[in-house]
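The values are calculated or read from the model by the stated rules, or taken from the named source; none is laboratory data. Computed from a predicted structure; not experimentally measured. All Cβ positions, even for glycine, are placed from backbone atoms using ideal geometry, and neighbour counts span all protein chains on display.
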Amino acid sequence: MRPSGRKLEQMRAISIETGVTKHAEGSCLIRCGDTHVLCTATIEDKAPSFLKGTGLGWVTAEYGMLPRATNSRNRREAAAGKQSGRTQEIQRLIGRALRAGVDRVALGERQIVIDCDVIQADGGTRCASITGGWVALRLAVNKLLKAGVITSDPLVDHIAAVSCGIYAGQPVVDLDYLEDSEAGTDGNFILTGRNRLVEVQMSAEGATFSRDEMTRLLDLAETGIAHLVAAQKAVI
């Protein structure tokens, strides 16, 4: 039995609210159970210097967790003077994941920055950031298309992410914190709307896992991604 009472294949309740900030070109608040992440997209008229003259666009991300997103207060990383290795790893992951769904030629020589701020954490914050980050990106790109700044849609597919793992000996989807902290195997699956794999992060946290278990987790991930993509489509 899962702590939440959910079935093995049951996702947490998900909601995505768009247009939650006034100034960003795209924004949404994504809630995956008790994990809540604010995602905003900012369009910059020039690409990073390493892309100057290439005609290619760029999508990057920044990630942060508010001090009381968890049970105890975490010090702001800005106050500490540096980002943690975890933060850097997560924001690079978000950027890589979102770029996988972008035609950078069609985007043109400009950059879109996705900011993901965790308001409340209960497991799966990086996955929620990717899923909500894509919605913010989609809204920002829609503004470019509507204004005629670009003529071809650079977003080639949806991008979404879900965690899966082996909890109490059973493969489960969309782990909350209680499950994540006790899981024998933990993984993050990033897929496109067409079920193409973007990235898989898997590790044996307390026990090794078999090939068959890996396949079962991927099956659960595909079902979960379909649910997330449907939620994305419902708000765009």
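Summary table
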| quantity | calculated |
| --- | --- |
| So Thr60, is it more than 20 Å from His36 (Cα to Cα) and under 21 Å from the mean Cα position of the chain (by Cα) | yes |
| Qualifying positions in region 130-149 - part of a helix (DSSP H, G or I), out of contact with any Gly (no Cβ under 6 Å at 6 or more places or on another chain) and under 16 Å from Arg110 (Cα atoms) | Leu137, Arg138, Val141, Asn142, Lys143, Leu144, Leu145 |
| Of the criteria (1) more than 13 Å from the chain's Cα centre (by Cα); (2) crowded, with 18+ Cβ neighbours inside 10 Å; (3) of a type in the set (S, T, N, Q), which one Gln10 fails | (2) |
| Leading residue by the ranking (modelled with the lowest pLDDT) among those in region 1-28 that are of a type in the set (A, V, I, L, M, F, W, C) and within 24 Å of Ala221 (Cβ to Cβ) | Met1 |
| Filtered residues of region 27-49 (kept if out of contact with any Ser or Thr (no Cβ under 7 Å at 6 or more places or on another chain), assigned to a strand (DSSP E or B) and either farther than 19 Å from Arg110 by Cβ or not aliphatic (A, V, I, L, M) (or both)) | Leu29, Cys32, His36, Leu38, Thr42, Glu44 |
| Near pairs, Cβ below 9 angstrom, 6+ apart or cross-chain, from region 175-187 (under 18 Å from Ile14 (Cα atoms)) to any residue that is among the charged types (D, E, K, R) and in a helix (DSSP H, G or I) | none |
| Selected residue (only one of Phe189, Phe209 is aromatic (Phe, Trp, Tyr) and under 30 Å from Gly57 (Cβ atoms)) | Phe189 |
| Neighbours by Cβ (under 7 Å, 6+ apart or cross-chain): first from region 203-229, in a helix (DSSP H, G or I); second acidic (Asp, Glu) | Leu220/Glu9; Thr223/Glu9; Gly224/Asp174 |
| Count - residues of region 149-199 that are over 20 Å from Cys32 (Cα atoms) and aliphatic (A, V, I, L, M) | 7 |
| Whichever residue in region 50-82 is at pLDDT below 95, outside any loop (DSSP other than H, G, I, E, B) and not charged (D, E, K, R) and, among such residues, is farthest from Thr21 (Cα to Cα) | Ala80 |
| Residue in region 176-184 that is at pLDDT below 95 and either assigned to a loop (DSSP other than H, G, I, E, B) or crowded, with 21+ Cβ neighbours inside 10 Å (or both) present | yes |
| Flag if Ile90 is more than 21 Å from Val156 (Cβ to Cβ), in contact (Cβ under 8 Å) with a residue 12 or more places away in the chain and out of contact with any Asp or Glu (no Cβ under 7 Å at 6 or more places or on another chain) | yes |
| Qualifying residue in region 150-166 (condition: farther than 30 Å from Gly57 by Cα, in a helix (DSSP H, G or I) and in contact (Cβ under 8 Å) with a residue 60 or more places away in the chain) | no |
| Any pair with Cβ under 7 angstrom, 6 or more apart, that starts in region 111-128 at a residue that is over 16 Å from Ser4 (Cβ atoms) and ends at one that is aromatic (Phe, Trp, Tyr) and surrounded by fewer than 24 Cβ atoms within 10 Å (Cβ to Cβ) | Gln111/Trp58 |
| Test: residue in region 142-154 that is among the charged types (D, E, K, R) and within 19 Å of Ser203 (Cα to Cα) | no |
